[in-house]
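Below: one structure, written as structure tokens.
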Amino acid sequence: MTPRRRYPLQPFTKAFLAVLGVTLVIWLLRGLAVLAFMPGAVLWVLILLCFSLGIISTLQRIR
């Protein structure tokens, strides 16, 4: 039996975790030269999206 979460994750928190996971996978694959053809701007957009979603998620939790 799995324990239930006391507070379910908010939509922005789920989005933040998903984008963070995608960003980390792309960063690792790009570092291993698997996705070397991908421009660095894509990675920067994902990183900025992570920061903005993290801030929104934190502000939503405070509210």
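Where a number appears in this text, it was derived from the coordinates with a stated rule and is not lab data. Because the structure is predicted, anything quoted here is derived from the model rather than measured. As a convention, Cβ positions derive from the backbone with ideal geometry for all residues, glycine included, and neighbour counts pool all protein chains shown.
Put in order of Cβ neighbour count within 10 Å, fewest first, the listed residues ARG4, ARG30, ARG61 become ARG4, ARG61, ARG30. With all pairs of different C-alpha atoms in the average, the Kirkwood value for the hydrodynamic radius of the chain is 13.2 Å.
Between 0 and 90 degrees, the angle of helix 40-62 with respect to the longest Cα principal axis of the chain falls at about 10 degrees. Extension gain, ARG61 to ALA41, is 4.2 nm, computed as 0.36 nm per intervening residue step minus the present C-alpha separation. From helices alone, the chain scores -24500 deg cm²/dmol at 222 nm; the rule is -39500 (n - 2.57) for each run of n ≥ 4 DSSP H residues, then divide by the residue total.
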